[in-house]
Amino acid sequence: MLALRAARLFDGEHAALLEQPVVLVEQGRIVAAAAGLEPPADAEVVELGDATLMPGLVDAHIHLTFDASRDAVGRFDRVDDAELLTGAREAAARALRAGVTTVRDLGDRNYVTLALRDEPGLPRILSAGPPITSVKGHCWFLGGEALGVDGVRQAVRERAERGVDVVKVMATGGELTAGTHPHLAQFGMAAMRAAVDEAHRAGLPITAHAHGAPGIFNAAAAGFDSVEHCSFTTETGASADDAVIQALLANGVTVSATLGHLPGLELPPRIAALIPQLSAVFHRIREAGVPVVCSSDAGIGPAKPHDCLPYGVGEMVTLLGYAPADALRSMTSRAADLCRVGDRVGRIRAGYEADLLAVAGNPLVDTAAMHDVVGVWRGGVRVR
Ligand SMILES: [Zn+2]
């Protein structure tokens, strides 16, 4: 048995931290977590000192096959699937070292990330395979183009047969893909409804990439479980649409806000100008009470290495106005629930997987503590 002792513990849900906790782990699972527990005499006791234990982080939106370079998209023309797989393995390992013990890949090529799901030494990996997109639509180069209602229906069936964990649909254009428009919808309502119908029939969650209000609305009305980005991009900036926010709320849609940027990089002026507008959008989403998960979209560029998720805590607090505990919840219990693994990970609770992160100090007092990692455990095995 393993016994972890720390100064405090965030259980994935409650803002009140547990003081002087002991977490007992056996055969990869949490046996007990409480203050002042006496470990059995034969337990291996690990003293973590002035550290905060928390559940391993869950990144609900990552791209393991993108290499986080300036040419992350162009690279797909030059590398074969074997090289994509090698890079994806390294990317997953990098996320794990930062304490991200579960990742959900929302777009690879040729389903390569599915092969990583059973490899030891990596985070738990959930995969969407190639995102479903319109002909020459956002990220078409990943191979997920689908034409019309029947094409979309068939594409979801193919993914279910390949054994994906989630279905991803590009509901609007995106920044990465020339010739597409983030503010415009790529699919009509009939195709969006068909996608939801097929995914839910197969027992799979379905999420939509959507920037502009028309695509966000379509996803909410069609019954998608979540919307990625949800930036309310317009032709010239970003501006919240309250009717669409109410549609998200009414349909129980979770927003996956892709945050977590490596600091210190100079932003293109157009993006820098957009930040106050995006901040205003997300204040409105928060105030309306729409559930928000903090994910990363890691891999798509230099500000997005595969271990950038922890930067999202500080961004949620300073830019979006969340309480620190809510920010942490959004990448632990709430993210795990969205990914439908909330019965196993995302909380420190007896019976749950011993996927754990310890950081120095108290991240509820100073969010920078998230970057001072003391230890990471995946299934009870210490990986850092
Ligand atoms: Zn993405």
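Readers should treat all values here as calculations from the given coordinates under stated rules, not as data from a laboratory. This structure is a prediction, so every number in the text was calculated from the model and none was measured. Every residue, glycine among them, receives a Cβ derived from its backbone with ideal geometry; neighbour counts consider all protein chains shown.
Ranking request for peptides 360-369, 36-45: highest mean number of other beta-carbon atoms within 10 Å first, then the rest in descending order.
Descending mean neighbour count gives 360-369, 36-45.
Put a dot 7 Å past each Cα toward the Cβ at residue 239 and residue 119; how far apart are the dots in nm?
Distance between label points: 4.7 nm.
Please sort 330-336, 111-117 by packing, taking for each peptide the average over its residues of neighbouring beta carbons within 10 angstrom, highest first.
Packing order, densest peptide first, comes out as 330-336, 111-117.
Can you tell me the dipole magnitude for the chain around its Cα centre, using point charges on the Cβ only (Lys, Arg +1; Asp, Glu -1), in Debye to the nearest 20?
So the magnitude is around 380 debye.
Please pull out the direction-averaged projected area of the stretch 133-209, using the convex hull of its alpha-carbon atoms, in nm² to one decimal place.
It is 4.5 nm².
Which number comes out as Rg/Rh for the stretch 185-340 once both Rg and the Kirkwood Rh are worked out on C-alpha atoms?
Taking Rh as the inverse mean 1/r over Cα pairs, Rg/Rh reads 0.96.
Roughly speaking, what % of Cα-Cα pairs in the stretch 250-314 are separated by over 20 Å, rounded to a whole number?
33
Check residue 32: other-chain or 5+ apart residues with amide H under 5 Å from its amide H, H built from backbone geometry?
Amide H neighbours of residue 32: 24.
Roughly how many Å is it from the Cα centre of the stretch 61-78 to that of the stretch 136-214, as a whole number?
A separation of 20 Å, based on Cα centres.
Which FRET efficiency value, to the nearest 0.05, do you get for residue 272 and residue 343 by plugging their Cβ-Cβ distance into 1/(1 + (r/R0)^6) with R0 = 30 Å?
For R0 = 30 Å, the calculated efficiency reads 0.15.
Going through the DSSP H helices of the chain, which span 27 Å or more along their own axis at the Cα atoms while scoring at least 0.0 as a mean Kyte-Doolittle hydropathy?
269-288
What are the equivalent ellipsoid semi-axes of the stretch 205-264, built from the alpha-carbon gyration tensor (square roots of five times its eigenvalues), in whole angstrom, biggest first?
After scaling each eigenvalue by five and taking roots: 20, 15, 9 Å.
In the chain, if the dipole is taken from +1 on Lys/Arg beta carbons and -1 on Asp/Glu beta carbons about the Cα centre, which of 200, 9, 268 is farthest to the positive end?
200
Would you kindly state how much longer the chain becomes between residue 50 and residue 283 on full extension, computed as 0.36 nm times their sequence separation minus their alpha carbon distance, in nm to one decimal?
In short, 80.5 nm is gained.
Which FRET efficiency value, to the nearest 0.05, is calculated for residue 372 and residue 80 with the Förster distance at 41 angstrom and r the Cβ-Cβ distance?
In this case the efficiency is close to 0.60.
Could you order the peptides 96-109, 125-138 from most to least packed, using the average number of other C-beta atoms within 10 Å per residue?
So the order, starting with the most tightly packed, is 96-109, 125-138.
Regarding the chain, what is the average projected area of its C-alpha convex hull, in nm²?
Quarter of the Cα hull surface area: 17.3 nm².
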